[in-house]
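The values are calculated or read from the model by the stated rules, or taken from the named source; none is laboratory data. Quick caveat, the model's predicted, so the values are computed rather than measured. Heads up, the Cβs are rebuilt from the backbone with ideal geometry, glycines too, and the neighbour counts pull from every protein chain shown. Calculation scope for accessible area: heavy atoms of the full protein, side chains included, ligands and nucleic acids excluded. Shrake-Rupley method; radii C 1.70, N 1.55, O 1.52, S 1.80 Å.
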Amino acid sequence: MDPITFNLDGEQVVITDHSPTTTALQWLRGAQRKTGTKEGCAEGDCGACTIAILDHDAHGGPSWRSINSCLVLVPMLHGRTVVTVEGLKTDGELHPVQDAMVRHMGSQCGYCTPGVVMTMFEGCYRKDLDADWKVDDQMCGTLCRCTGYRPIRDAALETKGLRPDDRFAALEFSSPVPRDLTYVAAGQRYFQPSSTAALFDVLATNEDARIVCGMTDLGLDVTKKHVAFPCLVSLEAIPELRQMTHTDGVWRIGATVPLSEVEDRVQDGLIPLARMLRYFGARQIKNRATVGGNLCTASPIGDLAPALLALGATVVVLGAEGERRVPLSEFFLEYRKTALQPGEILAAVEVPDVPAGARCATYKVSKRRELDISAVSAGLYVMVDDGTVTEARLAFGGMAATPARATSAEQAMVGQPWTHDTVEAAVACLATEFTPFSDHRGTAWYRTTVAQNLLRGFYEETHTVRQPSLAYRHTGTVLTEAGA
Amino acid sequence: MSTSPLHKSSSHESAVEHVTGDARYVDDLPEPRDMLVGLPIYSPHARAKIVSRDGTVARLLPGIHAVLFADDVPGDNLIGPIVHDEPLFAEDEVLCVGHTVALIVGESLVQCRAAAEHLAIEYDVLEPTLTIADAIAAEQFHTAPHRIARGDVDGAIEAAAEVIRGTASNGGQDHFYLETQAALALPGERGQMHIYSSTQHPTEIQKLVALVLGKRAADVVCEVPRMGGGFGGKESQASQWAAFAALGAQVTGRPCKVWLDRDRDMVQTGNRHPFWTRYEAAFDETGRITALRANIYSDGGFSLDLSGAVLDRAVFHLDNAYYLPACELVGQVCKTNLPSNTAFRGFGGPQGMVVVEDAINRYAERTGQDPAVVRARNHYGDAPRNTAPYGQEIPDPRVDRVWRELKVSSDYEQRRADIDTFNATSRWVKRGIAYQPVKFGISFTASMLNQAGALVLIYTDGTIQLNHGGTEMGQGLHSKMVAICAHAFGVSTGQIRAMNTRTDKIPNTSPTAASSGSDLNGQAVQDACDQLLARMRPVAATLLKCDEEGVTFADDAVHGGGASVPFTELTLACWLGQVSLHAAGFYRTPGIHYDHATGSGEPFFYFAYGASVLEVEVNGLTGEHRLQRVDILHDAGNSLNPSIDIGQVEGAFIQGYGWLTMEEVIYSDTGVLKTPGASTYKVPAMGDVPLQMNVALLSQADQFSTIHGSKAVGEPPFMLALGVVTALRHAIGGFSTKGGEVELAIPATPEAILRAVVNTTTA
């Protein structure tokens, strides 16, 4: 049993007696009396609880990352450097993001403000905040009910990528690598092994283990259902699971690579995936959520799944006995059930480059554009050879019990000319291919109609650009160019 | 007076505390020793008889100090801000999902939750009423009809060039204040109770806690540090949580806190009222409305709460900015088995305006006219087109002037022409533009609430504590009150500390609501300052060796006869001279009255105006849209603080935009809330706000007889967002080849818009 130790606002702290399912937010507000950090929703959807940790960026260097403290358990901070809103002032002077928020009148009631400030703090030190859309993305995870955002946006624009030469920049040289941890408290165990060998030992001896990493999904069981997991095993400290490579035309994305890192890396190389990641979730979520987690939770929507299905991805499954590969199309067995056997983990996803002749795009349609769960998501891929469709992968989320391909629509296209009529024939198949359910995100009518229209839009879009990406402040998920 | 902060922009008075995390809200206060927490346990059924309830086992569990039911209330279990019709704890029957049945008081929430598993409550489920339609059919109403009428409606309809008949409806809206409901009760000696509450209405808390505990008002103090947003949701509905905290404290003798997590807050508290209306509108050949008949119904939920006043305001605002020569406007509050709906920014005004805007949109679409032209043609104007349906004269209708200026600054006409060109060639994406005027009556329509108090305390070092009856929820009220006080004494704002709102400093306060906070409290503060100035002036004259008339207060000093002494010196001189340095100020709004029986009177002290021009782009494949540009010109009078007022305008507008386009409160067919959290209920995020948002305040807009010529600004701009519906309809109409009316539901979610597009192109 190890104590949890980490650096909090410049002070080393030690935790030995809090349940491992205590969230960072509960601990900050409770044990630490640091009430500056707020709870607004306890599900990573409002950002009032945002704090920052030192972590990797896509290029291996340390970087500040904003995260939702409501969805991070205290053992997950082990060995890290953590900053809260109360640790930003230096010698009594406001940090540039705090100062900008005051000058731009970015606070009214002030309750979202600590989260806004910490989200902006990440943006202030990011090296890659180089496009306008990234400011919306950076800030969309912090909801403000008072200001209407204009002043917050002004403050964010002023401070983005500012990278002041201060003590926070200096801290970036410290090592942010998560460390090995075995922690037991309140009758609950938490393991964070640092090798796969150690991982399989832990799994073999703890039958009640739940595997976790970013905790952005399982965290809701803790905050909403108040589940006290008896045993959690985190993959965060295993270096080989957090590697991302691009060799011989194949992207290998380690299961625990955070999505913000994936997004940075694939921006130019795997455009359909980048397009999906843009609206996947808030920055705070993408900084913790992982590819492995999104696939293994096997949500019927799981925004990455349709994208990866369309891209023809394969998952690498690792067990104590070795690894095996499973095409992603065979990975989802039924509602919330995958092909993983007990004792196995998803180690990586392998995604081939999009071939030159292929058209591929991804779509996410939700009530709100950012930080929302899809009504329908889609990854659409067709290979066109000499005017004829030779291969089609039309994958949808939100249409069935699992992310699924529309096989009859695909069959209606393969061997046919890549024309409007062929697309309409496939669209007609989509009318009966799925029997989606109706809920607060959309009725069955809406889901089916949108799925059909996404395919229509895909055809329109890929006339000129084979892997279209989204324009800044585009109107709809489809058809990036107004008037197309 | 060069240093006066009045009419100047500044950051929020607590901005530095906000950005550093130092600002304290109720749940952030240092927790007193031995504090317990209370967990309300609520009904899972919309309507059911309680067959039995038993907390014996739960009470015996570790850390549990009390398990309380209706019978354990020492005072009155029936609460409510107007009528005491709301069982704090369900008695024989539960009346909605979320209705509290029991309160578990324990040492931690974890222990309380564990104990909740062992509560034995048996229900006999009954058939609930869950919609306005069902309530109308069953004749379940909270109120008698409120009717305002004039002129010959039937005659006008008969003579009309065009009659629009239809229904209009709108959904609810969760307040989604970022800080959820919270209260902390500290029992004192001799039966005193001190409550810290996140409330817009501390006096209401004081009264209801006294009522529930069987105490007198003098035994209870309510203190409000600040709120993390209110928007009306903490006007009447902060009370029950404070009452639970106080009850827990009373029963156990220990401090007790009740704090709701987000889901619980959304399930257990009410929302903006959904409305349903049947209407007939007559237009003459020039496009002027000649008559409007509307029967409007709101969903009040299971108890009356503030629903009567909300409905009244809806009826008062069925005209919006338009003159109605003849009208018959009748409203009634329905009773359903849903949480009791309550105040929310606009307070019925937006729901009332939805009706006349719908009529105008449909008329313009049917006749192929620019809806902006129709709106402008119907503006209030010179006599005789300057009396409201309830008979009040509208002395200075600024709506024409606002539109004249905004039409130019927003380049409305050119942009509308450009949109026609764009839509003619764009297949899947269409654009739309709209003009939206707003006229909003200012005053509580319950006339006695239009009063306020203040208490100004000056210390011998020249610093000042400012107390007033208003609460700070982010709207910048304290900033404005401090500015008024600083201006009066000629001191810098740093000399003045705005204190927590407390019922032992200011008694019998009105809620901080109806946009009235700075109007009412500002005058009360001014009154207190004037009293002090009158006392200090002779002392200053003696110090300065000049006439009293020659004394001026500025730059942290008093001046006269060519000499100056620091303000600090004056305050010390006052004390040495045994002159009182504290004063209580008071204000009541003069001359307002209303007769409910006849539907006539002058319920408003004045009217606030504003207008917006909005442009949207709609994707016809998915129903998604983008708000591209917004231009707003708003009348805040001679603004006390332009940057704070612009913040109110922008924030209200986006909140209204959320209500109209994405925020959906959805209940199941058994009355269970399907959208109880941030993951299922979507309020606007940063990306939903247009890059071009040009907000300006009307210049030379001094308002007669208000505090320094300013105007209320909290609610009116909410309704500027109504134009998004018109703009969306314009864009959706662009998909149609035949023109004509568009059927678009509110909220105009992507699904609603796609349905409208499909109906437009296939019907």
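Screening B:Val757 against (1) over 22 Å from the mean Cα position of the chain (by Cα); (2) not acidic (Asp, Glu); (3) not in a helix (DSSP H, G or I) leaves a single unmet condition, (3). Determine, yes or no, whether B:Leu697 is over 24 Å from B:Pro339 (Cβ atoms) and either in contact with a strand residue (DSSP E or B) (Cβ under 7 Å, 6 or more places away or on another chain) or open to solvent by 10 Å² or more (accessible area, probe 1.4 Å) (or both). Yes, satisfied. Within the stretch B:223-267, the residues that satisfy the criterion of being in contact with a Ser or Thr (Cβ under 6 Å, 6 or more places away or on another chain), more than 10 Å from every other protein chain (Cβ to nearest Cβ) and closer than 22 Å to B:His12 by Cα are B:Val224, B:Lys234. State yes or no: is B:Asp669 open to solvent by 10 Å² or more (accessible area, probe 1.4 Å) and closer than 30 Å to B:Leu126 by Cβ? Criteria met by B:Asp669. Inclusion of B:Ala66 among residues that are open to solvent by 60 Å² or more (accessible area, probe 1.4 Å) and outside any helix (DSSP H, G or I) is not warranted.
Selection within the stretch B:540-564: residues that are without any contact (Cβ under 8 Å) to a residue 60 or more places away in the chain and among the hydroxyl-bearing types (Ser, Thr, Tyr). The member of this set that is surrounded by the most Cβ atoms within 10 Å (Cβ to Cβ) is B:Ser564.
Note on the stretch A:455-484: among residues that are within 26 Å of the chain's Cα centre (by Cα) and facing chain B (nearest Cβ under 7 Å), the one that is most open to solvent (accessible area, probe 1.4 Å) is A:Arg473.
To keep it simple, each residue is scored yes or no on (1) open to solvent by less than 20 Å² (accessible area, probe 1.4 Å); (2) over 25 Å from B:Asp71 (Cβ atoms).
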position: B:Ser239; (1), (2): yes, no
position: B:Ala243; (1), (2): yes, no
position: B:Gly248; (1), (2): yes, no
position: B:Trp276; (1), (2): no, yes
position: B:Glu285; (1), (2): no, yes
position: B:Ile289; (1), (2): yes, yes
position: B:Asp299; (1), (2): yes, yes
position: B:Ser307; (1), (2): yes, yes
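Kindly evaluate A:Thr147 against the criterion of being surrounded by 24 or more Cβ atoms within 10 Å (Cβ to Cβ) and within 8 Å of chain B (Cβ to nearest Cβ). Judged against the criteria, A:Thr147 is a match. Of the residues making up the stretch A:43-79, those that are touching a Gly at 6+ places or on another chain (Cβ under 8 Å) and open to solvent by 10 Å² or more (accessible area, probe 1.4 Å) are A:Glu43, A:Asp45. Figure legend. Inter-residue proximity from the stretch B:689-706: first residues under 20 Å from A:Thr147 (Cα atoms) and at the interface with chain A (Cβ under 10 Å from one of its Cβ atoms), second residues open to solvent by less than 30 Å² (accessible area, probe 1.4 Å) and in a strand (DSSP E or B), beta-carbon distance below 6 Å, spacing 6+ or different chains. Indicated pairs: B:Pro690/B:Leu627; B:Pro690/B:Val630; B:Met693/B:Val630; B:Val695/B:Ile632.
With the structure loaded, tell me whether A:Leu129 is within 11 Å of another protein chain (Cβ to nearest Cβ) and either over 11 Å from A:Gln284 (Cα atoms) or over 19 Å from the mean Cα position of the chain (by Cα) (or both) or whether it fails that test.
Numbers: within 11 Å of another protein chain (Cβ to nearest Cβ): no; either over 11 Å from A:Gln284 (Cα atoms) or over 19 Å from the mean Cα position of the chain (by Cα) (or both): yes.
Here the answer is no, as A:Leu129 does not meet what is asked.
Please indicate, with yes or no, whether at least one residue in the stretch B:172-181 is open to solvent by 30 Å² or more (accessible area, probe 1.4 Å) and modelled with pLDDT of 95 or more. No, the stretch B:172-181 has no match at all.
Can you run down the residue pairs with Cβ atoms below 6 Å, 6 or more apart or on separate chains, where the first is in the stretch B:338-352 and in the same structural domain as B:Phe302 (by TED's automatic domain parsing) and the partner is among the β-branched types (Val, Ile, Thr) and modelled with pLDDT of 95 or more? As it stands, the answer is B:Phe347/B:Val310; B:Gly348/B:Val310, since those pairs meet every condition given.
In the stretch B:324-337 there is no residue matching the filter, namely being assigned to a helix (DSSP H, G or I) and more than 14 Å from every other protein chain (Cβ to nearest Cβ). From the list B:Gly391, B:Gly349, which residue is open to solvent by 20 Å² or more (accessible area, probe 1.4 Å) and either out of contact with any Pro (no Cβ under 7 Å at 6 or more places or on another chain) or at positive phi (or both)? Result of the check over B:Gly391, B:Gly349: B:Gly391. Listed here are the strands (runs of 3 or more DSSP E) enclosed by the stretch B:573-633 that have at least 3 residues being within 14 Å of chain A (Cβ to nearest Cβ): B:606-619. Every listed requirement among (1) farther than 25 Å from B:Thr269 by Cβ; (2) crowded, with 22+ Cβ neighbours inside 10 Å is met by B:Ala90 save one, (1). Filtering the stretch B:680-694 to residues that are open to solvent by less than 30 Å² (accessible area, probe 1.4 Å) and of a type outside the set (Lys, Arg) leaves B:Thr680, B:Tyr681, B:Val683, B:Pro684, B:Ala685, B:Met686, B:Gly687, B:Asp688, B:Val689, B:Pro690, B:Met693. Which pairs do you get when a residue that is at the interface with chain B (Cβ under 9 Å from one of its Cβ atoms), found in the stretch A:43-57, comes within reach of a residue that is assigned to a strand (DSSP E or B), reach meaning Cβ atoms under 7 angstrom, with the pair 6+ apart or on two chains? Going by the 7 Å Cβ cut-off, the qualifying pairs are A:Gly44/A:Asn68. In the stretch B:723-763, of all residues being of a type in the set (D, E, K, R) and more than 12 Å from chain A (Cβ to nearest Cβ), the one that is least open to solvent (accessible area, probe 1.4 Å) corresponds to B:Arg729. Being in contact with a Leu (Cβ under 6 Å, 6 or more places away or on another chain) and either part of a helix (DSSP H, G or I) or aliphatic (A, V, I, L, M) (or both) is the requirement here; does B:Gln206 meet it? Taking the combined requirement at face value, the residue does not satisfy it. Residues in the stretch B:449-463 that are hydrophobic (A, V, I, L, M, F, W, C) and surrounded by fewer than 24 Cβ atoms within 10 Å (Cβ to Cβ): B:Leu449, B:Leu455, B:Leu457.
Just checking, does the stretch B:442-450 include any residue being part of a loop (DSSP other than H, G, I, E, B), among the β-branched types (Val, Ile, Thr) and under 27 Å from B:Glu602 (Cα atoms)? Yes.
Criterion first (under 16 Å from A:Ile301 (Cα atoms) and either assigned by TED's automatic domain parsing to the domain that holds A:Ser299 or in contact (Cβ under 8 Å) with a residue 60 or more places away in the chain (or both)) does A:Tyr363 satisfy it? Yes. Across the stretch B:502-538, the number of residues qualifying as of a type in the set (S, T, N, Q) and either in a helix (DSSP H, G or I) or surrounded by fewer than 21 Cβ atoms within 10 Å (Cβ to Cβ) (or both) comes to 6. For the stretch A:89-105, the criterion of being without any contact (Cβ under 8 Å) to a residue 40 or more places away in the chain, at the interface with chain B (Cβ under 9 Å from one of its Cβ atoms) and hydrophobic (A, V, I, L, M, F, W, C) is met by at least one residue. If a residue counts only when it is within 17 Å of B:Asp174 (Cβ to Cβ), which strands (runs of 3 or more DSSP E) contained entirely in the stretch B:239-323 have at least 1 such residues? Result: B:275-283, B:289-299.
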